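The values are calculated or read from the model by the stated rules, or taken from the named source; none is laboratory data. The model shown is predicted, which means the values in this text are computed figures rather than measured ones. With ideal geometry, Cβ positions are generated from the backbone for all residues, glycine too; neighbour counts draw on all protein chains shown. The accessibility values were calculated without ligands, DNA or RNA, using every heavy atom of the protein model including side chains. Shrake-Rupley method; radii C 1.70, N 1.55, O 1.52, S 1.80 Å.
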Amino acid sequence: MSVILMDTKEFYSSVLMNGIKDMVYVMEFTNGQFVYKFINQKVKELAGFDDSIIGRTLDDILPEDKAIFLLDQYMTAIHSKDEIIYEDDYPSKHGEIRYGENTLSPIYDEHNKCTHIVAVVKDITERKVTERAAEKSKEMLIEGKERYQSLFDYNLDAVITLDNNGLLITGNHALEEMSGFTIHELTGTSYIRLILPRQLKKAKKYYDKALNGVPEEFRLSIKHKNRNRVEIIAKFSPIVVREEIVGVYVICKDITEQIKFKDKFNQSENIFEIITEHSRDLITMLNSEGEYIYASPSYQEVLGINGEEFIGKKFYHNIYPDDIEHLKKTFYLSKEKGEPWKEQFRQKHHTDGYIWSELHGSPVYDENNKFKQMVVVSRDISTRKNYESKLESFAYHDELTGLPNRRYFIENLEKALQDKRKSNNRFAVIMIDLDKLKPINDTYGHDVGDEFLREFATRVSRVIREGDKFARLGGDEFAIFIPNIDVMQNVTVVASRIMEALEKPWNIHDQSISISASVGVAISNFKTESAHYLLKTADQALYEVKDMGGNNYKLKYI
């Protein structure tokens, strides 16, 4: 058997070209210019350069700002006569921005003159993405702590934190006003210090229940530093850290004035109106048929409707239609079982459409345990709902174009596959890849490239059918999900419209730009496929179009 021996020079060249997993550039320094003399295979795979750059300068190949930046780094390495390391971004051959750790090593001749710079670039994109995600999580954690601290410090109700021995760890300013003691005086002492003697048994009972994971709300009497009695509604809730109960939160609402009103008017029905007259929450009383028998003055402020207009009407007359049946069911369930009624729902504002609200209802019974009325306190939670909606939108939409993102697209595609098992409908997945977007970024800059992507998203959104799902998967890669295909022409019409939309003139930041796209289409069969297989099939069709020069579309049937 013969053995082919590779000479030493060829061996080292092969190792440099193919054996090193990082990108390697060898730059010749001559006449104040840096000239590309060698690039290895990884440069071709990751950065998208080819041998055509050999013999050309940085200024020939790179945008002006990038060339100036690299020239400064190379000259720093020459003057320092030592290797330097820095991080930088670079565009991949697919047009996406990646990150590299660059090590520059100057090479000198026998006259101590620098002749070459060897640049080794290690791709650190994954690390950078992880670092940014960690930083974002840290920022959110700090923000969450600040929000919690604000809620704690500025809460109008007294908030107390107890350890699992009942000792006070901290409290807010409202506690100082309610008790007359400073937080410094109370810290480290037992909560029992604040409780009236004949109320101790009740307080201990609910404290122990909270330590066992059962939150409770109840009426309690505590003593002020000046020996006055303070009537409160106390809620004891467990503090859970890493699935272990480590203490108890206590929230105390001072109802001393309400109790005084009640005593003064001898439990008159008018007392309820007096208590609620200045409340910003909606306070409502319903009879056994769910009809309004009282609506607080705050209805005018919160809903723009005088509360008197609700009297005698069913509680659900002003509710969003989709929420009515569930609210009716839970109302009667609370009434029958004597359990608290808590729901989120939408109710109509006089001028602002439907607003999100949250209610807390308590059924009231007479001495014969017969249902008397339902007392309901509700408040506007539209701001919270809008915030939750924005968080969900961020999770499922692309920040640049506003389109649904990859996660949203995959989840909808998988859901369609589940539904297909019942309906046997056929559908299609279209993959779109813009031809030569990278030169646009290199020539005009990424701001123009970003504006182009936004305009492309707008154009395609206009030509697809209502019900089709259009998403940006990443970079210059887009996808469309077309459900319920009656005839194949439905798919070809959409693909043709996309091509036509690209042919129309592009004027971005006063720049006239021409571009085309490669489109691959996967047509499902009547069997069940995986989302991965559909996307893979569409992607194969797309790259077959690219191999033929792009600017076209191709269909593949599964």
Check: List, please: which pairs have Cβ atoms under 7 Å, are six or more places apart or on different chains, and start with a residue in segment 281-300 that is at pLDDT 90 or above and end with one that is open to solvent by 20 Å² or more (accessible area, probe 1.4 Å) and among the small types (Gly, Ala, Ser)?
Finding: 291/312; 292/312
Notebook entry, point to check: What is the residue count in segment 328-384 for residues that are in a helix (DSSP H, G or I) and surrounded by fewer than 18 Cβ atoms within 10 Å (Cβ to Cβ)?
Noted result: 10
Check: Among the residues of segment 294-312, which ones are in a loop (DSSP other than H, G, I, E, B) and surrounded by fewer than 20 Cβ atoms within 10 Å (Cβ to Cβ)?
Finding: 297, 304, 305, 306, 311, 312
Next item on the list: Being assigned to a loop (DSSP other than H, G, I, E, B) and farther than 18 Å from residue 477 by Cβ is the filter; apply it to segment 547-558 and report the residue that is least open to solvent (accessible area, probe 1.4 Å).
Entry: 558
Item checked: Complete set of residues in segment 246-260 that are among the acidic types (Asp, Glu) and in a helix (DSSP H, G or I) -> 257
Item checked: Residue identified as more than 21 Å from residue 403 (Cα to Cα) and surrounded by fewer than 18 Cβ atoms within 10 Å (Cβ to Cβ) among 544, 500 -> 544
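In the list 32, 19, which residue meets the criterion of being closer than 20 Å to residue 106 by Cα, open to solvent by 40 Å² or more (accessible area, probe 1.4 Å) and either modelled with pLDDT of 90 or more or of a type outside the set (Val, Ile, Thr) (or both)?
32 is the lone residue from the list that is closer than 20 Å to residue 106 by Cα, open to solvent by 40 Å² or more (accessible area, probe 1.4 Å) and either modelled with pLDDT of 90 or more or of a type outside the set (Val, Ile, Thr) (or both).
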Check: Among (1) of a type in the set (A, V, I, L, M, F, W, C); (2) touching a helix residue (DSSP H, G or I) at 6+ places or on another chain (Cβ under 9 Å); (3) exposed (fewer than 12 other Cβ atoms within 10 Å of the Cβ), which single condition is residue 241 missing?
Finding: (2)
Checklist line | Subset of segment 517-532 (residues that are surrounded by 15 or more Cβ atoms within 10 Å (Cβ to Cβ) and either closer than 25 Å to residue 446 by Cα or free of Cβ contacts under 8 Å to residues at least 40 places away in the same chain (or both)) | finding: 517, 518, 519
Item checked: In segment 192-213, the residues that are open to solvent by 60 Å² or more (accessible area, probe 1.4 Å) and out of contact with any Gly (no Cβ under 9 Å at 6 or more places or on another chain) -> 193, 197, 198, 201, 202, 205, 208, 209, 212
Note to self: Take the residues in segment 458-490 that are part of a helix (DSSP H, G or I) and at pLDDT 85 or above; name whichever of them is least open to solvent (accessible area, probe 1.4 Å).
What the structure shows: 460
Next item on the list: Please state which of the following conditions residue 189 fails to meet, knowing it meets all the rest: (1) of a type in the set (S, T, N, Q); (2) at pLDDT 90 or above; (3) exposed (fewer than 11 other Cβ atoms within 10 Å of the Cβ).
Entry: (3)
Checklist line | From 100, 95, residue being in a loop (DSSP other than H, G, I, E, B), closer than 21 Å to residue 449 by Cβ and under 30 Å from the mean Cα position of the chain (by Cα) | finding: 95
Next item on the list: Please specify each residue of segment 168-186 satisfying the condition of being open to solvent by 60 Å² or more (accessible area, probe 1.4 Å) and aliphatic (A, V, I, L, M).
Entry: 169
Margin query: What pairs come out if I take residues in segment 355-374 that are farther than 16 Å from residue 326 by Cβ and pair them with residues that are among the small types (Gly, Ala, Ser) and modelled with pLDDT under 90 whose C-beta lies under 6 Å away, six or more apart or interchain?
Written below: 355/382; 363/338
Next item on the list: Within segment 349-376, track down each residue that is closer than 18 Å to residue 293 by Cβ and β-branched (Val, Ile, Thr).
Entry: 364, 375, 376
